[in-house]
């Protein structure tokens with residue numbers, strides 16, 4: 001079976017600027033994949049190429065194995081939540097959805113169902129210009145759900161949402177994935193994704209820098225050890241003999257590239273007294289920043 | 001304008017069917033409204049940013065354009081007919097108030113109604129192509145109006161104004177009744193088809209290549 005979303009050597013150039021450079025990845029069905037990168041890394045352009053809105057300069061963007069434009073029934077295949085504010089201000093949320101449903105050949109009952117699903121039934125008949133940002137975002141989600149697709153693509157959906165809105169979205173996506181749906185969600189803030197995603201695709205300056213399970217990313221964060229000993233010099237030698245790299249820290253301790261258990265064993269074998277032994281883990285944010293060159 | 005016409009003309013001239021036909025001809029303004037409708041339906045989607053969602057549910061862009069051309073042509077024709085009916089009813093009422101016998105059902109008046117409906121259908125369809133070409137609602141409407149008020153009269157310098165889009169619309173409305181400087185109905189219709197096809201073709205080409213960012 002084809003991957004829900006796949007990029008093969010996907011490239012987009014705007015004039016002399018390369019927005020997306022030879023991107024290749026495929027996301028797994030039934031999982032939530034975070035699409036991370038600093039602002040301007042090329043996330044939106046990538047998503048829009050996958051959705052057939054932006055033409056690729058090179059490579060392929062595939063949804064269920066086919067270019068978006070070749071999909072027989074796109075609204076029932078993939079639901080997309082693009083950046084907010086793409087509404088005619090004078091039309092009601094319900095009217096907006098009815099137009100989309102008609103264009104997609106979806107029965108209009110689905111409009112009220114999806115409005116209910118995103119808890120927007122109350123203001124559904126009011127003009128969109130009276131909606132808060134959170135309500136507009138939920139209207140976007142409703143539009144994405146019209147065709148009951150099994151794949152949702154969301155572009156920075158948390159932008160501008162208040163904490164309650166973010167919690168609502170997180171719970172919603174979690175239950176969508178739990179019922180077998182696939183989610184691809186972009187963000188420039190790792191923390192938003194860390195509580196949600198099973199996997200992450202990270203891009204930086206138009207290029208892929210990582211595609212791995214979130215656990216692997218967490219694993220990269222763990223692993224270091226700080227150790228302090230009155231006999232630091234000998235400990236360093238013993239560690240080096242065991243093939244473990246250790247560097248002297250400013251505070252007199254040693255920073256060791258091995259888990260604390262291993263450092264403790266080496267010290268015990270050599271009967272070296274330790275005053276401190278603790279595992280050091282970078283935050284996910286630090287790993288993310290390291291991968292993306294410290295830019296946000 | 002209808003009342004101006006009815007109240008300013010002499011009673012004797014108003015009794016003429018041809019003069020009464022002019023009472024209905026004011027409904028030709030529906031062709032202009034239909035043009036603006038076409039621009040709003042096409043370029044307005046870019047102005048309001050709804051085009052992305054439209055292309056998500058209907059990714060074959062040429063088909064979206066074709067559907068809009070058809071829908072706006074029908075809407076334009078309906079608008080033309082409704083305007084005629086309104087002008088006719090108002091005209092008849094005003095003529096009666098001056099005790100002028102009403103001849104609004106003459107053959108010329110009926111042909112005019114058909115001409116207006118057809119013209120409004122064409123301007124609506126043209127507006128879709130034109131709006132897709134520019135993708136900016138306000139700019140497209142302003143350019144269309146400036147063309148009609150300034151651009152097209154300038155064609156007169158080269159003696160080709162009767163091929164201008166405004167004159168072509170007039171030739172369909174007039175249906176060969178009057179206006180020696182206009183094309184006859186048949187050729188006028190043919191040129192109108194060319195205008196719609198060219199605007200639609202260029203609009204489709206632009207839509208196909210546009211990145212929706």
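The values are calculated or read from the model by the stated rules, or taken from the named source; none is laboratory data. Computed from a predicted structure; not experimentally measured. All Cβ positions, even for glycine, are placed from backbone atoms using ideal geometry, and neighbour counts span all protein chains on display.
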Failed criterion for residue A:160 (all others in (1) more than 10 Å from every other protein chain (Cβ to nearest Cβ); (2) more than 26 Å from residue A:179 (Cβ to Cβ); (3) assigned to a helix (DSSP H, G or I) hold):
(3)
Give the residues of region A:141-187 that are touching a helix residue (DSSP H, G or I) at 6+ places or on another chain (Cβ under 9 Å) and on the phi > 0 side of the Ramachandran plot, sorted by residue number.
A:148, A:156, A:160
Which one of B:36, B:26 is part of a helix (DSSP H, G or I), modelled with pLDDT under 85 and buried (at least 18 other Cβ atoms within 10 Å of the Cβ)?
B:26
Name the strands (runs of 3 or more DSSP E) wholly inside region A:216-270 in which the number of residues that are in contact (Cβ under 8 Å) with a residue 24 or more places away in the chain and surrounded by fewer than 19 Cβ atoms within 10 Å (Cβ to Cβ) is 2 or more.
A:224-228
Residue A:61 vs. criteria modelled with pLDDT under 95 and either more than 14 Å from chain B (Cβ to nearest Cβ) or outside any loop (DSSP other than H, G, I, E, B) (or both):
no
Test each condition in (1) assigned to a strand (DSSP E or B); (2) out of contact with any helix residue (DSSP H, G or I) (no Cβ under 6 Å at 6 or more places or on another chain); (3) under 27 Å from residue B:45 (Cβ atoms) for residue A:21 and report the one that comes out false.
(3)
Within region B:90-113, work out how many residues are free of Cβ contacts under 8 Å to residues at least 12 places away in the same chain and under 19 Å from the mean Cα position of the chain (by Cα).
1
Out of A:111, A:141, A:153, A:118, sole residue that is buried (at least 20 other Cβ atoms within 10 Å of the Cβ) and more than 14 Å from chain B (Cβ to nearest Cβ)
A:118
Quick one: in region A:121-138, which of the residues that are touching a residue at least 24 places away in the same chain (Cβ under 8 Å) and more than 28 Å from the chain's Cα centre (by Cα) is surrounded by the most Cβ atoms within 10 Å (Cβ to Cβ)?
A:128
Taking helices (runs of 4 or more DSSP H) that fall entirely within region B:134-209, which contain at least 3 residues that are under 17 Å from the mean Cα position of the chain (by Cα)?
B:137-146, B:165-174, B:185-209
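Taking only region A:24-52 into account, find how many residues are in a strand (DSSP E or B), under 29 Å from residue A:179 (Cβ atoms) and in contact (Cβ under 8 Å) with a residue 60 or more places away in the chain. Break it down into steps so the answer makes sense when it comes.
Just the residues of region A:24-52 that are in a strand (DSSP E or B), to begin with: A:24-26, A:32-36.
With under 29 Å from residue A:179 (Cβ atoms) added as a condition, the list becomes A:25-26, A:32-36.
Those left that are additionally in contact (Cβ under 8 Å) with a residue 60 or more places away in the chain: A:25, A:32-36.
Result for region A:24-52: 6.
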Of those in region A:83-100 that are in contact with a strand residue (DSSP E or B) (Cβ under 8 Å, 6 or more places away or on another chain), more than 8 Å from every other protein chain (Cβ to nearest Cβ) and not in a strand (DSSP E or B), the residue nearest to residue A:151 (Cα to Cα) is A:91
Where residues in region B:34-48 are at the interface with chain A (Cβ under 10 Å from one of its Cβ atoms) and within 24 Å of residue A:45 (Cβ to Cβ), which of them is nearest to the chain's Cα centre (by Cα)?
B:45
Would you confirm whether any residue within region A:39-53 is away from every other protein chain (no Cβ under 14 Å) and either more than 24 Å from the chain's Cα centre (by Cα) or within 18 Å of residue A:188 (Cβ to Cβ) (or both)?
yes
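The rows are residues; the columns are (1) more than 18 Å from residue B:24 (Cα to Cα); (2) touching a residue at least 40 places away in the same chain (Cβ under 8 Å).
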site: B:115; (1), (2): no, yes
site: B:122; (1), (2): yes, yes
site: B:125; (1), (2): yes, yes
site: B:131; (1), (2): yes, yes
site: B:137; (1), (2): yes, yes
site: B:142; (1), (2): yes, no
site: B:146; (1), (2): yes, no
site: B:152; (1), (2): yes, no
Go through region B:49-70 and count every residue that is surrounded by 18 or more Cβ atoms within 10 Å (Cβ to Cβ) and either more than 17 Å from residue A:51 (Cα to Cα) or more than 7 Å from every other protein chain (Cβ to nearest Cβ) (or both).
6
Filtering region A:72-85 down to residues that are surrounded by fewer than 20 Cβ atoms within 10 Å (Cβ to Cβ) and either free of Cβ contacts under 8 Å to residues at least 12 places away in the same chain or under 23 Å from residue A:14 (Cβ atoms) (or both) yields A:72, A:83, A:85
Can you name the number of the only condition in (1) outside any strand (DSSP E or B); (2) within 26 Å of the chain's Cα centre (by Cα) that residue A:80 fails?
(1)
